[in-house]
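**Student:** Take this structure first; my questions come after.
Please treat every number below as a calculation from the coordinates, not as lab data. None of the values given here were measured: they were computed from a predicted structure. Note that each Cβ is placed from the backbone with ideal geometry, even for glycine, and that neighbours are counted across all protein chains shown.
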Amino acid sequence: MSKTLKDIQNLIKEERIEMVDFKLTDIDGRWRHLSIPAQNLTQSVMEQGIGFDGSNYGYAPVENSDMVFIPVLDSAVIDRYSKIPTLSMIGDARVIDLPDNRPFDQYPRNVAIRALEYMKETGVADQMVIGPEYEFYLFDKVKYNTDYFNTSVEIHTSQAAYASGSDENNNGFQVLPGAGYHNSLPTDIRNDLRSRMCLAMKEWGIDVKYHHPEVGGSGQMEIEVELGDMLKLADDTMSAKYVIKNEAVADGITATFMPKPLASEAGSGMHVHMLLFKKGKPVFYNSKGYAQLSDTAHYFMGGLLTHARSLCAITNPSTNSYKRLVPGFEAPVTIGYAMSNRSAVIRIPAYAKTPDKKRFELRNPDATCNPYYAYAAILMAGLDGVSRKIDPHKMGWGPFDCNLYTLSDEEKAKLTGLPTSLDEAVAALEKDNDYLTAGGVFPKRLIDQIIARDKKSAAAISKLPHPMEFALYYDL
């Protein structure tokens with residue numbers, strides 16, 4: 001049941017809330033926030049909104065940057081990370097346009113909403129259900145410098161094998177590189193912290209499926225959530241990252257969703273499971289199809305694989321993303337699909353057998369993405385495949401029921417790979433973005449902004465001397 005302003009005002013009174021904190025998403029996928037005294041949450045706020053400067057969020061030029069946001073009442077949750085009793089809510093951005101403030105079409109949440117509306121207009125489905133997997137690292141300490149005379153990173157994590165000789169937080173139960181998956185207590189020193197994270201996520205309305213240590217021996221973790229509506233899961237992705245980071249800080253350590261913080265360990269992805277429904281019936285199921293998937297499901301996969309390279313500029317928008325997408329670490333590098341195969345971009349879980357759970361996962365995304373843009377772009381790529389009836393098998397993309405990492409060089413040469421750099425992904429997006437603008441889902445000016453920001457990020461990194469360059473070239 002949707003919450004009303006009266007519901008929220010009653011909650012404020014019952015919980016003795018003193019401040020209401022509004023969280024908005026910038027173009028890069030970071031939360032920004034603004035707080036008001038609780039008694040100021042009135043009907044006028046719901047009608048007129050609260051003003052903010054859109055240029056500082058990466059959307060609008062300075063000369064035309066006045067915007068307002070309207071509280072999303074259903075997102076209200078008590079924020080335990082503030083010492084002052086605080087209620088947290090998401091805000092939806094609007095353009096100041098008399099007599100009404102119309103939704104701002106570049107705002108991430110509005111893009112996701114429009115993508116879902118477009119899906120319904122196509123008649124393919126009326127609901128998209130997704131399930132992201134949150135992988136992240138927990139470190140005791142992290143120090144980094146990008147000063148003129150100091151470019152360095154130093155990480156300490158007491159569970160890593162290299163810490164066996166350390167006097168700091170050393171219990172003698174270290175984890176070898178790549179050997180962290182499902183290790184038990186007392187080696188799993190973060191079990192209780194993950195449990196606290198999951199309980200806190202539940203308070204934020206997030207349905208947790210399970211948690212466990214991941215492959216990376218230096219503190220990699222995973223929390224997987226239950227399948228749910230795409231828009232809610234986009235909201236939940238923002239909330240989950242917020243909760244995980246704050247719970248780590250409360251425990252005296254730090255959490256990062258960087259795709260590849262450590263060169264020798266597994267990277268952290270955000271695999272996205274997906275399936276469609278129409279009038280309550282699963283669209284992706286066919287008992288006689290390959291992996292029990294329908295023709296529509298195969299066409300949807302065909303769209304994802306057709307646009308996989310350009311999608312990466314949105315689902316993997318950091319230079320660090322491409323340090324994860326390399327062979328040998330269970331990260332996908334090849335454009336293709338298969339059952340139970342973690343070396344392909346699309347994996348079809350063998351354990352999902354019932355019609356209402358029959359799905360596949362896209363394995364390349366990572367959590368440096370803006371989840372609203374990423375999930376919307378995934379949907380748009382899939383719908384394009386359905387409309388064009390792109391058969392992934394006829395296109396030569398599988399099914400690859402083999403370990404793609406172990407193919408011969410001759411066989412690998414026949415395959416198409418994901419981009420190996422952010423520059424390569426951006427170049428692909430520049431050439432291939434019509435599927436995103438269909439139905440007015442992604443405004444062209446937003447795509448141009450994403451491309452410009454990705455280029456700026458890649459250029460900034462390319463100019464910095466890397467410590468490895470000193471190891472390789474200093475004495476030449």
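**Student:** May I ask you to derive the relative contact order of the chain, considering only C-alpha pairs under 8 Å and at least 6 residues apart, and to give it as an integer percent?
**Tutor:** Relative contact order comes out at 14 percent.
**Student:** Computed from the mean reciprocal separation of all distinct C-alpha pairs, what Kirkwood hydrodynamic radius does the chain have, in Å?
**Tutor:** By the Kirkwood definition, the hydrodynamic radius is 23.6 Å.
**Student:** Based on DSSP H assignment, which helices of the chain show an axial Cα extent of at least 24 Å together with a mean Kyte-Doolittle hydropathy greater than or equal to 0.0?
**Tutor:** The answer, listed by residue number, is 230-250, 371-388.
**Student:** Placing +1 on the Cβ of each Lys and Arg and -1 on the Cβ of each Asp and Glu in the chain, which of P71, N370, Q292 has its Cα farthest towards the positive end of the resulting dipole?
**Tutor:** Towards the positive end, the residue furthest out is Q292.
**Student:** So, one more: Please list the non-local residues whose amide H lies under 5 Å from the amide H of M67, H modeled 1.01 Å from N, same-chain partners needing a gap of 5 or more.
**Tutor:** F52, G54
**Student:** How far apart, in nm, are two points set 7 Å out from the Cα along the Cα-to-Cβ line at R80 and at R445?
**Tutor:** Here the answer is 4.3 nm between the modelled labels.
**Student:** Need the full-extension length gain, S44 to K202, defined as separation in residues times 0.36 nm minus the C-alpha distance. One decimal, nm.
**Tutor:** Between S44 and K202, full extension yields an extra 53.8 nm.
**Student:** Would you be so kind as to identify which of G180, A313, T254 lies farthest towards the positive end of the dipole of the chain, taking Lys and Arg as +1 and Asp and Glu as -1 on Cβ and the Cα centre as origin?
**Tutor:** Most positive-ward Cα: A313.
**Student:** When N counts the residues of the stretch 5-104, how does its alpha-carbon radius of gyration compare numerically with 2.2 N^0.38 Å, as a ratio?
**Tutor:** It is 1.09.
**Student:** Can you spot the lysines whose alpha carbon is less than 28 Å from K279's alpha carbon? Ignore those fewer than 8 places along the same chain.
**Tutor:** Leaving aside lysines fewer than 8 places away in the same chain, those within reach of K279 are K3, K120, K209, K232, K288, K353, K357, K358, K389.
**Student:** How big is the charge dipole of the chain about its Cα centre, in debye rounded to the nearest 20, if each Lys and Arg gets +1 on its Cβ and each Asp and Glu gets -1 on its Cβ?
**Tutor:** 1020
**Student:** Right, here's the next one. Under 11 Å from a point placed 7 Å out from the Cα of T122 along the Cα-to-Cβ direction: which residues of the stretch 101-116 have their backbone N that close?
**Tutor:** 115-116
**Student:** While we're here: Residue by residue, what Karplus-based ³J(HN,Hα) values in Hz, rounded to whole numbers, does the stretch 128-144 have, using 6.51, -1.76 and 1.60 with θ = phi - 60° and x for Gly and Pro?
**Tutor:** Result, ordered by residue: 10, 10, 10, x, x, 10, 9, 9, 7, 10, 10, 10, 5, 8, 9, 10, 9 Hz.
**Student:** Using Cβ contacts closer than 10 Å as the measure, can you line up S268, S387 from fewest to most?
**Tutor:** S387, S268
**Student:** Pop out the ³J(HN,Hα) list for the stretch 20-25 in order, Karplus 6.51 cos²θ - 1.76 cosθ + 1.60 with θ = phi - 60°, rounded to Hz; leave Gly and Pro as x.
**Tutor:** 10, 10, 9, 10, 10, 9
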